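Everything on this sheet refers to the single structure shown next.
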Amino acid sequence: MSPKQVSVFVVAVIVFLALLLPNYLQFIAEAEVLTSGGVAGRARFGSTFLVLDSILVVFLWCVVLLALVRKFYWWFILNLPFYVLLPYECLYFLAYGEPISPHIIAIAAETNLEEVLGFIGGWLPIILSCVYFLGLIALILFFARERVAWTHRSRWWVLFSFGPALVLMGLSDSASNQAILEDHRDVFIERGVGFGVDQYEASYPLGFPLRLIKYFHQQEVLTHYSKLISGQSSGLKRGNMEGAEVYVVMIGESSRPDHWGVAGYHRNTTPLLQARSDIYFFENMVSGSSVSRAAVPILLSRTSARDVEKSTLRNSWIVDFKQAGFRVYWLSTQKPVGSHDTMIGVYASLADEVRYLNEGTYSGRGKFDEVLVGGLSSVVQDQTVKKKLVILHSLGSHAPYQFRYPEHFAYFQPSPTTAKLISLFDGNQKELLVNAYDNSIAYTDYVIDSVLDLLKSELNESDAFFWYIADHGQTLFEPGCDKAGHGFFSEFNFRVPALFWASDKFLSSRPELHMRASMRQHAPMQSSDFFETMLDLGRYEQEEKLNGLLSEDYQVGRRLVTVSGAREVDFDSELMGRGCDFPK
């Protein structure tokens with residue numbers, strides 16, 4: 001080979017290997033966790049092996065494709081979309097520790113230029129992207145001119161050995177994979193494509209089309225169900241109200257009241273809320289489900305956990321307020337699509353304006369809940385809209401807890417850093433888990449207090465109220481329970497905090513609310529009654545009185561709880577005081 005041919009060959013190899021760069025980054029990240037030791041590190045061994053397996057499989061796919069097309073120019077053209085996306089995949093992984101997901105694709109699909117500039121930090125990255133694209137064009141011209149081709153007979157060896165091997169590998173995994181796919185009766189569960197390739201979803205470039213398929217499927221489901229419930233309402237009449245009205249509901253995440261200082265916890269996790277005299281805290285609230293995908297729809301609508309199991313969604317109070325002339329805003333730091341999120345996203349889509357403010361995900365780095373305060377501020381200060389309903393969907397105390405708050409909120413020590421993963425199934429990690437969890441509660445205290453300060457300063461002379469209520473609770477290695485987390489039967493997975501605030505004007509028009517809220521702060525309540533609570537406070541009327549949490553004759557009824565709807569149990573008679581996974 002001439003020196004020129006060697007140079008061309010080296011360029012081709014570098015370009016080829018560069019396409020696999022996201023996989024190398026994943027392997028380095030997994031190896032760092034693996035070498036950190038401890039239960040969490042050992043638990044990542046399988047994940048690290050899968051990344052290695054992905055690198056090998058993706059490498060072989062790329063080699064087989066090159067052997068198939070022979071000319072490097074055509075191989076490069078076929079992979080050009082992935083080269084275009086390559087720097088964004090790498091930069092996102094470096095920033096958030098995860099590959100681009102259907103969640104990020106959903107945000108990007110609904111993002112305008114102004115929001116893009118805000119996400120990426122201005123025009124400089126745009127300019128650098130243009131330079132990068134010019135570089136890709138130069139490579140296209142370079143490979144077209146140099147005519148790099150695989151002419152050696154080894155090309156046929158690769159085609160007839162590795163090609164069939166990859167096909168057989170997919171077929172060997174497809175039977176069990178397809179069985180899993182066909183077992184999904186719940187249409188909101190993310191589905192893969194089968195044929196043994198779904199395990200490579202996090203890889204690049206092979207995994208990116210798989211993520212796109214998931215996004216389009218979830219978007220299709222979201223659009224279908226949004227149309228079904230967008231016209232459904234309670235059909236109730238609402239009393240005439242003059243002047244501005246702003247009602248805010250903040251949905252918390254994985255929060256339990258006995259870790260709030262305002263509820264008597266031995267740690268001062270809520271100093272800001274405890275200093276306030278204008279709030280009502282309800283410590284005996286029970287959620288209908290211990291998983292978000294069922295618990296949040298129960299809060300937002302007449303949907304029950306059994307409905308969720310059957311993929312049946314019912315009417316929401318969001319539609320009632322829209323039909324009464326309210327402009328509805330949904331501001332979220334959670335995900336728009338996913339097995340746990342699309343069902344919630346259906347209700348979010350009912351809003352007039354939907355903003356997903358966090359480009360990170362649950363399991364990695366991202367923006368903190370305080371971005372919701374800024375989003376709410378812009379809504380509140382918009383004087384062109386007089387009647388507003390705002391739903392804030394927060395990340396709250398979602399595990400890993402150490403990712404939910406800035407470092408300066410790590411009050412309780414020792415607590416893990418974002419560089420250290422801890423296991424929810426290792427009782428030896430309990431101190432670290434509890435400290436990180438309590439730090440997340442302290443941060444939630446700050447966020448809620450900031451929201452209340454904003455509402456009080458801007459809306460105290462308007463009709464305004466604020467509700468905070470968590471979707472479900474959290475277990476932290478309780479007596480009789482050897483694990484942490486949620487999504488199983490445990491008393492603490494269903495206990496949730498709730499908080500109410502109202503402006504002076506709102507309370508002056510309904511003075512009875514002060515006495516009722518004060519008297520019921522320790523009374524049993526359940527989140528399934530929140531639907532009628534919103535209608536009651538919104539002055540909707542029906543012949544039979546609404547059974548809201550602050551209604552005159554509120555009746556709590558049996559507090560039936562479930563995990564996913566398959567089985568309901570009586571919280572008070574069957575679950576209280578027992579360990580986890582009861583009843584058997």
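Here are the numbers:
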quantity	calculated
Whichever lysines have a C-alpha closer than 25 Å to that of residue 430, once near sequence neighbours (fewer than 8 apart) are set aside	420, 483
Peptides ranked, highest mean first, by Cβ atoms within 10 Å: ranges 254-263, 370-379	254-263, 370-379
Most positive-pole-ward Cα, 476, 499, 464, against dipole of the stretch 430-499 from beta carbon charges	476
Net length gained if the chain between residue 17 and residue 384 were fully extended (0.36 nm per residue, minus Cα distance)	126.7 nm
Hz values of 3J(HN,Hα) by residue in the stretch 493-508 - Karplus curve (6.51, -1.76, 1.60), Gly and Pro given as x	7, 10, 6, 9, x, 9, 9, 10, 9, 9, 5, 4, 5, 4, 5, 5
Placed amide H near residue 390: partners under 5 Å, 5+ positions off or other chain	247, 248, 249, 329
Gap separating the Cα centres of the stretch 219-251 and the stretch 348-415, nearest whole Å	21 Å
Out-of-range pairs (alpha-carbon distance over 26 Å; input 237/456; 505/545; 227/367; 388/456)	237/456; 227/367
Under 18 Å from residue 214, Cα to Cα: lysines that are on another chain or at least 8 residues apart	335
Rounded to whole Hz, the Karplus (6.51, -1.76, 1.60) HN-Hα couplings of the stretch 447-454, x for glycine and proline	5, 5, 4, 5, 4, 5, 4, 5
Highest-first arrangement of 474-484, 344-354, where packing means the average Cβ count within 10 Å	344-354, 474-484
Cα radius of gyration and Dmax for the stretch 300-452 (Å)	17.6, 55
Semi-axes of the equivalent ellipsoid for the stretch 430-584, Cα gyration tensor, largest first, Å	32, 22, 11
Taking the convex hull of Cα positions in the stretch 424-515, its mean projected area over all directions (nm²)	7.5 nm²
Nearby lysines by direct alpha-carbon distance to residue 4 (threshold 22 angstrom, same-chain neighbours under 8 apart not counted)	71
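Where a number appears in this text, it was derived from the coordinates with a stated rule and is not lab data. This one's a predicted model, so the numbers in the text were calculated from it and none came from an experiment. Heads up, the Cβs are rebuilt from the backbone with ideal geometry, glycines too, and the neighbour counts pull from every protein chain shown.
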